[in-house]
Amino acid sequence: MSRNLSIALTIVATFLFLLASVGFWMRTSVLEEETFVDISSNSLSAEDVRLAIAERIVDVALADRPIVRNFVRGPASEVISGILGTSIIGSSIERIARLIFQLLIHHSGERVAINLEPIRDLVVNVINFLAPDGETRIDASQIPDEIVIMEEDDLPPIQNYILALDWIALLLGLASAGLVALVLTKAWHSPARNSYLKWLGGALAIGAFILILITWTAGSTAVLAIDDETGRVIVSRTYDNLIAQLRVQTFGLMVIGIGVWLVGWWLNRETALQPTTEQPSDSDVPSPLNA
């Protein structure tokens, strides 16, 4: 195997390995229900998500009273957001997270809704307290039993992309393992194996850095495709929490790549500093005639 071909295969195998690491993250975080539910539950408890849900509640409660809604939407949403963060509704967070998992990953179910019965009276009191004087007060009958925060029709078909990427990453992982084994076997017996280490480490570090940059932009594209504002906030926060694990994983690979490159550089340096043993030429060998 020529040196240039070995280097090319090393680079290709490294990038395939990075794609396989994405598949590993998807299998252990995105497609693993319990892990997804834990992460999604934390997302639902985030302040921006609670505020988006609270705004939806106020909009629904005052749908036929736009003047009052515009007056109380901000302060009422802040108060209701705080209520959503208490134990009153906390017990239903895990159930909602499982519904989100089924809707996003498996597209089973038509919507995700929050039960408002435990906080209905509190919502009514908050809105009536903040409403301007002279306005007719609302009553509990104007607050629905539940409020929809995410519907299947509002979501892009991301399930197909997730499953396709998962299988592609798995196959690429197997291919990268074979290529890495082939290249390292050949390179280990080559005088230029130190250079191969530098190429391997450099490709891994650069590829990991590029993958981290991609994670900052890929999510915004998918989130913007969601029509509903509340669903967009929920998915955005969930994506950020999920992708944080991939970034940590990829950053670790980048550090490993830098370490491998440094090992190759150090070995090259040590080899260059070693004195070479020269064979004596014919002129340096004493002739028996001169003895």
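Fewest first, what order do Asp121, Asp240 take by the number of other Cβ atoms within 10 Å?
If I rank by nearby Cβ atoms, fewest first, I get Asp121, Asp240.
Need the full-extension length gain, Asn115 to Phe71, defined as separation in residues times 0.36 nm minus the C-alpha distance. One decimal, nm.
This chain segment gains 13.3 nm when fully extended.
When the Karplus curve 6.51 cos²θ - 1.76 cosθ + 1.60 is applied with θ = phi - 60°, which whole-Hz ³J(HN,Hα) does each residue of the range 242-259 get, with x for Gly and Pro?
Rounded to whole hertz, the list is 6, 5, 4, 5, 5, 5, 5, 4, 6, 4, x, 5, 5, 5, 4, x, 5, x.
For Ala113, what residues show an amide H to amide H distance below 5 Å, using hydrogens built from the backbone and excluding near sequence neighbours?
Answer set, sorted by chain and number: Ile149.
Return a whole-number percent for the relative contact order of the range 33-154, with Cα pairs under 8 Å and 6 or more residues apart as the contact set.
Across the range 33-154, relative contact order equals 30 percent.
For a Förster distance of 25 Å, can you work out the FRET efficiency between the beta-carbons of Leu171 and Ser92, rounded to the nearest 0.05?
So, using R0 = 25 Å, E works out to roughly 0.05.
Any read-out appearing in this document is the output of simple, stated calculations on the displayed coordinates, not a laboratory observation. Computed from a predicted structure; not experimentally measured. With ideal geometry, Cβ positions are generated from the backbone for all residues, glycine too; neighbour counts draw on all protein chains shown.
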